[in-house]
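Let me begin by presenting the structure, written as structure tokens, before commenting on it.
The values are calculated or read from the model by the stated rules, or taken from the named source; none is laboratory data. Remember, predicted model here, so these are calculated numbers, not experimental data. All Cβ positions, glycine included, derive from the backbone under ideal geometry; neighbour counts span all protein chains shown. Remember, those area values only see protein heavy atoms, side chains included, never the ligands or the DNA or RNA. Shrake-Rupley method; radii C 1.70, N 1.55, O 1.52, S 1.80 Å.
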Amino acid sequence: MNLQQKKDNSFLATEPLGKLLLKLSLPTVTAQIINMLYNIVDRIYIGHIPENGALALTGVGVCMPLIMIVSAFAALVGNGGAPRASIFMGKGDNEQAEKVMGSCAWMLIVLSVVLTAFMLIFGKMILQLFGASDNTILYATDYMNIYCVGTLFTQLTLGLNAFITAQGKTLISMCNVAVGAVTNIVLDAILINGFGMGVKGAALATVIAQGVSTCFVIHYLIKPTSQLKLRLKNIRFERKLLLPCILLGTSPALMQLTENMVAS
């Protein structure tokens, strides 16, 4: 770690706990609120689609449990891997922390491929199990088939952004989420209203927005100013590194999944 990085991250060890908690928690909570805008804005625009807005809104609503499952898998890796990386950073072993992040990135990519294939093959069946009717299944599948193509972006954005937060850069991680939310809002207006694409436009806007967020996350993690570097050589399977991350992330992932499923 160079002198500038040490200076940038010294506040984690020197500032009072209360001030540090406030400084780190506010951007994190704000990022969670901003992240909610994806679904809220989509529903607002979809609900105002002429003639079939109500049916389209119901169809997209049925997709929410599947979307939450995708997010839970990202939390499984990110919320488990980031604390492990923090432990190594606390020991001054940034090389091992970067290996943890690389292994988690590998896991996120693999999960994206598996989840995408699973949803494309079994998505319609699952949506029907979640309550999609003959009137709403078309809207649900239209939305889900496009959304699942962007699973890689969702996994990488949510999973890797946690490693930026672990460096104490909560404001940057918040901005990474915010840029995606703003992109989504703009594209919703263009694709749903301007081009009349309906639920397909909403799904496409979300995928593009997540892709933009992913670019910002990865761009920061490869910059010299990042304490942890995402290196291509580290993106590989490392069982001894991944297993503790998965075990650590299982609890928050299950909590997120069950809470969202109940809310849905």
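Some observations on this one:
- Only one of the numbered conditions (1) among the small types (Gly, Ala, Ser); (2) assigned to a loop (DSSP other than H, G, I, E, B); (3) more than 25 Å from Thr225 (Cα to Cα); (4) open to solvent by 20 Å² or more (accessible area, probe 1.4 Å) is violated by Ala117, and that is (2).
- Criterion violated by Phe122 - all others in (1) in contact (Cβ under 8 Å) with a residue 40 or more places away in the chain; (2) over 22 Å from Gly81 (Cβ atoms); (3) aromatic (Phe, Trp, Tyr) satisfied: (1)
- Within the range 195-213, being under 17 Å from Ala56 (Cα atoms) and open to solvent by 20 Å² or more (accessible area, probe 1.4 Å) holds for Phe195, Gly196, Met197, Lys200, Leu204.
- Evaluating Phe237 against the criteria (1) open to solvent by 60 Å² or more (accessible area, probe 1.4 Å); (2) hydrophobic (A, V, I, L, M, F, W, C); (3) part of a helix (DSSP H, G or I) leaves one unmet condition, (3).
- Residue list for the range 163-172, restricted to those being surrounded by fewer than 24 Cβ atoms within 10 Å (Cβ to Cβ) and part of a helix (DSSP H, G or I): Thr165, Thr170, Leu171, Ile172
- Residue within the range 153-168 that is of a type outside the set (Asp, Glu) and free of Cβ contacts under 8 Å to residues at least 60 places away in the same chain present: no
- Options Phe130, Phe153: the member that is in contact with a Pro (Cβ under 7 Å, 6 or more places away or on another chain) and of a type in the set (Phe, Trp, Tyr): Phe130
- Selection of the range 13-43 for residues being open to solvent by 90 Å² or more (accessible area, probe 1.4 Å) and at pLDDT 70 or above yields Leu26, Gln32, Ile33, Met36, Arg43.
- Per-region count, the range 214-227, residues open to solvent by less than 20 Å² (accessible area, probe 1.4 Å) and not in a helix (DSSP H, G or I): 2
- Subset tally (residues that are open to solvent by 80 Å² or more (accessible area, probe 1.4 Å) and closer than 20 Å to Ala132 by Cα) for the range 49-58: 1
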